[in-house]
1. Which of rounded, prolate or oblate describes the chain when judged by the alpha-carbon gyration tensor and an a/c cut-off of 1.5?
2. Sequence gap at least 6, Cα distance under 8 Å: using those rules, report the relative contact order of the stretch 188-274 to the nearest whole percent.
3. Compute the distance in nm between two label points, each set 7 Å from the Cα along the Cα-to-Cβ direction, one at residue 13 and one at residue 258.
4. Expressed as a rounded percentage, what relative contact order does the chain have, with Cα pairs under 8 Å and six or more residues apart?
5. Give me the dipole magnitude in Debye, nearest 20, for the stretch 215-355 about the Cα centre, with unit charges on the beta carbon: positive for Lys and Arg, negative for Asp and Glu.
6. Give the shape of the stretch 237-277 as rounded, prolate or oblate, defined through the alpha-carbon gyration tensor: a ≥ b ≥ c are the square roots of its eigenvalues, a/c under 1.5 means rounded, and otherwise the shape is prolate if a/b is larger than b/c and oblate if not.
7. 7 Å from Cα along Cα→Cβ at both residue 315 and residue 271: what's the point-to-point distance in nm?
8. For the chain, modelled as a GNM with alpha-carbon contacts under 10 angstrom, which of 123, 168, 356 fluctuates the most?
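Derivation of every value follows stated rules applied to the coordinates shown; laboratory data play no part. Nothing here was measured: the structure is a model prediction, and the numbers come from that model. Cβ: placed from backbone, ideal geometry, glycine included. Neighbour counts: every protein chain shown.
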Amino acid sequence: AININKLRDLTGAITIDPGYKNSGSCTSEITFLDGELGILRYRGYAIEDLADQANFLEVSYLLIFGELPTAAQLEQFEKDIRKHSLVNEEMKGIIDGFPRTAHPMGVLAALTSALTAFNPKSVNVENEKELYQAVCKTMGKFLVIATWTYRKSMGYPLNYYDNTKGYVENFMKLMFELPTEPYKLSPVVTEALDKLFILHADHEQNCSTSTVRMVGSSHAGLFASISAGVSALWGPLHGGANQAVLEMLEEIHQNGGDTEKYLAKAKDKNDPFRLMGFGHRVYKNFDPRAKIIKKAANEVLGTLGVDDPILDIAKRLEAAALEDEYFKARNLYPNVDFYSGIIYRALGIPTDMFTVMFAIGRLPGWIAQWKEMRLNKEPIGRPRQIYTGSPLREFKRPQ
Ligand code: ACO
């Protein structure tokens, strides 16, 4: 393994690389990605195999601890997450302070940060037991507060983790169960969600993950680092794209379904409009997750008997863009979030919760990357700059 601290000695002149398009920030054993060939692997396992055969908690364990769990390890992991899923009652007072119209991602970032107040002890990452407990706490509590952001927006009473149900089933119950109406779990829905979470679970040094590593590199705690990751994910150029995609598809639908008009807008350099869900910083051929999701969207909508005109618009838009010279020349293909919103919608997830869904899926990746960064003893992240401001000036107040 490369000693990251030794790399420090190689630095000399300052290089400028806006958006870090060609700069690596770390070495990592977690996720392998080849943007040219459209390959994505977690800990060496192909994303296609994991999405097909594993479940989300198994994949979370794999990402965080490096190996697939045995049946006994998985059962214990699930049990420990359950044990730590309880959220302090005083957190409810914090939620009460938000307006119901607040965006769930803003509330989620604040609540994740607030968890530090109730769990103030910093984790000794060298202590395996302590680290494992911190992982289970984060997995359990984050799921619960993520659903509370929705309950708050609806004015519903807050739900608690159900010890008899699995992680993804719990998500649906926490979200939708009402005191007057027990939530009926559907295997189609939980399986589709499980797959979506797996596809989002890690993606090496993307904006939110780099943020988690950067904040954590100052030895800020896990909740504080994850909270920063939530904020980074929120933007429409990153995780917020899934909400933006659906809003765009709805707008096209409401305006008569003219996909060509929107394609032309996306190509017009005087128009700030971009085709949401298209393009990726790293994938320049295709996004392997998008392929899996497109297939899943067809299956889920078919099984649930949902006939959504939005799916048709998405397919037409994709087909037209793939034939278009502008998109071809710039290697712009649908990314993971082009179809995810359509599935979320079919599952009854409200649009402004889409990015929260992404955050729940990405959580094990964030944890794994934070853990790796700390165990590798990476130095504090501190990029340099090239100063382009004024030379020395004499101090004089303007008259
Ligand atoms: N629609 C129209 N044109 C686009 C799009 C798009 N979606 N994406 C990129 N382009 C164009 C740019 O205008 C630029 O054109 P130019 O060379 O003529 O100036 C060229 O393609 C390269 O684009 P950049 O912005 O330089 O590429 P970058 O790697 O910086 O950005 C990004 C990648 C942010 C994903 C971009 O493609 C985008 O904004 N896509 C839409 C938002 C989106 O779907 N984000 C989700 C990303 S995946 C994720 O986070 C899970």
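1. Working: a/c = 1.36, a/b = 1.03, b/c = 1.32.
Verdict is rounded for the chain.
2. Here the relative contact order equals 15 percent.
3. Here the answer is 5.2 nm between the modelled labels.
4. Numbers: 519 pairs, mean separation 96.0, N = 399.
Rounded, it is 24 percent for the chain.
5. On the way: 16 positive and 18 negative charges, 121 e Å.
The dipole of the stretch 215-355 has a size of about 580 debye.
6. On the way: a/c = 2.72, a/b = 1.11, b/c = 2.45.
It comes out oblate by the Cα gyration axes.
7. 2.5 nm
8. 123
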